[in-house]
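The block underneath contains the structure these notes are about, expressed in structure tokens.
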Amino acid sequence: MDPALWQQRFAQDPQVLSLSPRSLARYHYEIPKMLEHWRSQGLKSLGALTAQHLKAYWLHLYTVQDRRQKKLSNANLRGRLGAALGFVRFLVRNDFLLIDVSRGLKLPKKARTLPRVILSEGETLRLLEGPSDQTPLEIRDRALLELFYGTGLRNSELRVLKLSELDWARHLLFVAEGKGRKQRWVPMGEEAEAWLQEYLARGRPALARGHEETLFLSRTGRPLGVSQLAEIVARWGKRVGLEKHVTPHCLRHSCATHMLKRGANLKHLQTLLGHESIQTTQGYTRVELSELRQVLRRCHPRER
């Protein structure tokens with residue numbers, strides 16, 4: 001069971017080629033560990049793989065500890081077990097395995113958690129007004145903050161936005177590389193659009209070094225990375241005196257929560273945020289209910 005050989009075969013599978021880079025990285029990490037565990041259980045050929053081998057690996061993952069000596073999180077378990085299921089189904093699909101030994105095994109349920117940090121509308125305004133319009137970098141930062149909050153884009157989506165994906169005539173931007181490789185059109189919003197125009201007129205020309213098509217550029221004229229975008233957002237949160245740790249995802253959550261408070265329809269929010277399931281969007285109604293409980297405890301005459 002040569003891991004390199006199986007990774008090569010796996011990478012050549014037509015269905016695998018449609019996976020996202022993140023999913024491919026997960027398989028690249030997981031397959032050698034999985035094969036090594038099965039080898040330690042006495043398995044010499046994948047053709048002899050049984051449900052018991054898979055269940056033993058399943059149980060093994062529940063005992064694995066991370067670098068902090070803690071058990072794997074629910075999300076990590078789902079990712080690693082999902083990779084195991086995907087690999088077994090690849091074996092079945094290509095007749096390397098005659099029976100689907102993964103049948104009947106289910107992933108742990110996805111934990112539904114409330115967004116950890118949400119800014120109030122006042123806090124959001126303080127953050128957005130932090131950068132001045134005096135330097136190219138601050139104009140850039142104001143534009144990207146306005147765009148994060150005004151559109152609810154993910155960090156990974158905003159990072160790869162290109163000049164050609166801005167439709168000024170219709171006041172839209174095109175998300176070509178959304179989560180799960182899904183595409184969608186998103187309204188820019190008046191403030192976000194105004195600051196984008198300011199950035200393109202007075203910020204980006206001072207940063208550009210060539211014919212780079214990516215919208216947001218670093219000091220050296222290169223596309224910003226995910227971590228760089230996160231650092232910019234967090235830095236402005238500290239500069240304006242917010243005690244909360246502000247992230248691009250925090251602005252996404254805040255955008256959705258503030259729109260919901262002002263009467264936005266869940267289906268419209270689902271489309272805006274690019275959620276595959278309405279259940280994901282419904283998480284924001286739970287945020288509203290948690291706030292409602294706090295108000296009841298504070299204001300109701302029968303509460304202490």
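For HIS253, the conditions (1) part of a helix (DSSP H, G or I); (2) within 16 Å of ALA143 (Cα to Cα) are fulfilled apart from (2). LEU158 passes every criterion in (1) touching a Pro at 6+ places or on another chain (Cβ under 8 Å); (2) surrounded by fewer than 15 Cβ atoms within 10 Å (Cβ to Cβ) apart from (2).
For segment 179-197, the set of residues classified as aromatic (Phe, Trp, Tyr) and in a strand (DSSP E or B) consists of TRP185 only. In segment 243-279, of all residues being more than 16 Å from the chain's Cα centre (by Cα) and surrounded by 19 or more Cβ atoms within 10 Å (Cβ to Cβ), the one that is nearest to GLY189 (Cα to Cα) corresponds to LEU269.
Conditions tested, residue by residue: (1) of a type in the set (Phe, Trp, Tyr); (2) buried (at least 17 other Cβ atoms within 10 Å of the Cβ); (3) touching a Phe, Trp or Tyr at 6+ places or on another chain (Cβ under 7 Å).
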| position | (1), (2), (3) |
| --- | --- |
| LEU46 | no, no, yes |
| ALA51 | no, no, no |
| HIS60 | no, no, no |
| THR63 | no, no, no |
| ARG80 | no, yes, no |
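Surrounded by 14 or more Cβ atoms within 10 Å (Cβ to Cβ) and on the phi < 0 side of the Ramachandran plot: is that true of LEU17 in this structure? For LEU17, the condition - surrounded by 14 or more Cβ atoms within 10 Å (Cβ to Cβ) and on the phi < 0 side of the Ramachandran plot - is not met.
If only residues of segment 20-44 that are in contact (Cβ under 8 Å) with a residue 24 or more places away in the chain and in a loop (DSSP other than H, G, I, E, B) are counted, the one that is surrounded by the fewest Cβ atoms within 10 Å (Cβ to Cβ) is LYS44.
Taking the criterion of being assigned to a helix (DSSP H, G or I) and within 21 Å of HIS268 (Cβ to Cβ), the residues of segment 144-164 that qualify are GLU146, LEU147, PHE148, TYR149, GLY150, THR151, GLU157, LEU158.
Every number in this text was worked out from the coordinates using simple rules, so none of it is lab data. Please read all numbers here as calculations on a predicted model, not as lab measurements. Every residue, glycine as well, gets a Cβ built from its backbone with ideal geometry; the counts of neighbours run over all protein chains shown.
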